[in-house]
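Chemist: Before we start, here is the structure in question, set down as structure tokens.
Just so you know, all these numbers are worked out from the coordinates, no wet-lab data involved. Since this is a predicted model, take the numbers as computed values, not measurements. Cβ placement follows ideal geometry from the backbone for every residue including glycine, while neighbour counts extend to all protein chains displayed.
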Amino acid sequence: MAMIRGLERCAVLTTVVLVAACGGSAASSGASQAPRPSPITAQPKSTALPTPSATTYQTGSVQSLPPGVTVVDTANIIQRLDWSPNGKLLAVLTWGGTLGTGRADVLDVAGRKIASFDAFDMAWVDDSHLMTLVVSPDDIAPGTVTIHAIDRPESNVVPGTFGGMLGNGHGSVALLAPVVASDAPEVESFQIWSNGQIGPRIAGFGHPVRWSTDGRLLALVGEATTGGAGGVGGSLPGTLTVLKLPERTTVLSRVLDDTRLDVYFSPDGSRLATSDGLVLNLTAGGSTQVTGRAMGWVSAGLVLVGEDQRVSLWTPAGTTVVPNAFDWAAFGPNAGDVAAGSTASESPSFPAPAVVRRAGSAVSIPLNVGLSAATWSSTGICFIATGTIDAQRTDNRLLRVELPSN
């Protein structure tokens, strides 16, 4: 049970959403099964992906890559890609193949590794400091949190032990209480680290799953103490709460039929979307149910994937289909910057091409295995992480794609 709870809490930072491009840290709650790849916004958020199963890491590819595409070497299975708040450094969280192992590599936009730390979880504190969590391989001992300076050899341990973290990219990190088998949902707690200090324990709301872009709002999901079928195929009822910090004012409190979903703040923080297509208006009140699986926001609207796997963008004025995009799409900083899956198949045969377009240029990249994450830099360089939970098709790579700007 402790191990399961540990993986769920890791999923606060490493699950379902590939929502990101240039900037801070964010995340969402996990699911009982590995989801399909999700799209990424051009907002300063982090990418996220399912916690992988035990597979053997292999690098390289039997496919030659087209011009402008290079492989950035990593030692382990890629879990998440997080941009620093200023978008100049990319932290790559990898998994070593067994519980409690992993690493955080820090790259510049050229793909050069400039720092590396042991890490089971990570969060940017500011542009030059990365916070990491290290846990024991058997998930029994509580985790130790350390703040590392990127530009100099300096590391400082945060007092206490913790079970996970979620950063807002504005100097604050929500640190989850250690995982213990006796934890009940109503006593799950967290503390906010900010300005070099740990704040008081906050309990009764569940666990943090997402910060707003400005770092003022924090969404939390808590499981109900009773009710729900649970197990495979059963619902897990609970609550969704949005707190305004540091005031700790409740902006939203809502009952959820099932807590196994993701939540996404709109760029201006006025709306909150759940992955089942519910859009909540945090300023005016009310809600809207949209058709499709919500995956995150871009400046143009809410990214949705329909039953036919087509990617579309929703705004209160209507829904627009994204041309030639299926199952996932990562939007870059400028109009026309998009990386997307180009086939509509529930179980595509490999290699499955991903197409990256920018300023009239385009490149088709054969993905020998499934997509794990994708994100754009603020200067228009796309990074695509590949990986799979299928042990027969392990080919975990981080691809850097640089296309002409005109």
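Chemist: Out of residues 5 or more away from Ala224 or on other chains, whose amide H comes under 5 Å of its own, with H placed 1.01 Å from N in the peptide plane?
Modeler: Answer set, sorted by chain and number: Gly238, Thr239.
Chemist: Taking the beta-carbon count within 10 Å as an exposure proxy, list Ser275, Ser212, Ser364 from fewest neighbours to most. Walk me through the intermediate numbers first.
Modeler: Numbers: Ser275 22, Ser212 26, Ser364 12.
By the 10 Å Cβ count, ascending: Ser364, Ser275, Ser212.
Chemist: Going highest first, how would you order 203-210, 370-377 by mean Cβ packing within 10 Å?
Modeler: 370-377, 203-210
Chemist: Next question. Using a basic spin-label model with each label point 7 Å from the Cα along Cα→Cβ, how many nm lie between Val157 and Ala284?
Modeler: Once both label points are built, they end up 5.3 nm from each other.
Chemist: Would you kindly derive the ³J(HN,Hα) couplings of segment 153-167 from the backbone phi angles with the Karplus curve 6.51 cos²θ - 1.76 cosθ + 1.60 (θ = phi - 60°), listing them in order in whole Hz, with x for Gly and Pro?
Modeler: x, 9, 9, 9, 7, 7, x, x, 10, 9, x, x, 8, 8, x
Chemist: How do 262-268, 325-331, 114-120 rank on mean C-beta neighbours within 10 Å, highest first?
Modeler: On the way: 262-268: 22.4, 325-331: 26.1, 114-120: 18.9.
Packing order, densest peptide first, comes out as 325-331, 262-268, 114-120.
Chemist: In whole Å, what is the distance between the alpha-carbon centres of segment 94-148 and segment 237-315?
Modeler: About 29 Å separates the Cα centre of segment 94-148 from the one of segment 237-315.
Chemist: Using the Karplus equation 6.51 cos²θ - 1.76 cosθ + 1.60 (θ = phi - 60°), what ³J(HN,Hα) coupling, rounded to whole Hz, does each residue of segment 77-92 give in order, writing x for Gly and Pro?
Modeler: 6, 6, 9, 7, 10, 10, 7, 5, x, 8, x, 9, 10, 10, 8, 10
Chemist: Whose amide H sits under 5 Å from the amide H of Val251, counting only residues 5 or more places off or on another chain, with H placed in the peptide plane?
Modeler: Distant-sequence amide H within range of Val251: Val242, Leu243, Lys244.
Chemist: Taking θ as phi - 60°, what are the ³J(HN,Hα) couplings along segment 333-343 by the Karplus curve (6.51, -1.76, 1.60), each to the nearest whole Hz, with x for Gly and Pro?
Modeler: x, 10, 4, x, 7, 7, 10, 8, x, 10, 10
Chemist: Still on this structure: Just to be sure I understand the model, the point goes 7 Å from the Cα along the line to the Cβ. What's the resulting Val255 to Thr319 distance in nm?
Modeler: 2.8 nm
Chemist: If you don't mind, there's one more thing I want to ask. For Val209, which sequence-distant residues (separation of 5 or more, or a different chain) have an amide H within less than 5 Å of its own amide H, given hydrogens modelled in the peptide plane?
Modeler: For Val209, whose amide H was placed from the backbone, the distant partners under 5 Å are Ala219, Leu220, Val221.
Chemist: Ser64 to Thr98: extension gain in nm, 0.36 nm per residue of separation minus the Cα-Cα distance?
Modeler: Net length gain for the segment: 9.2 nm.
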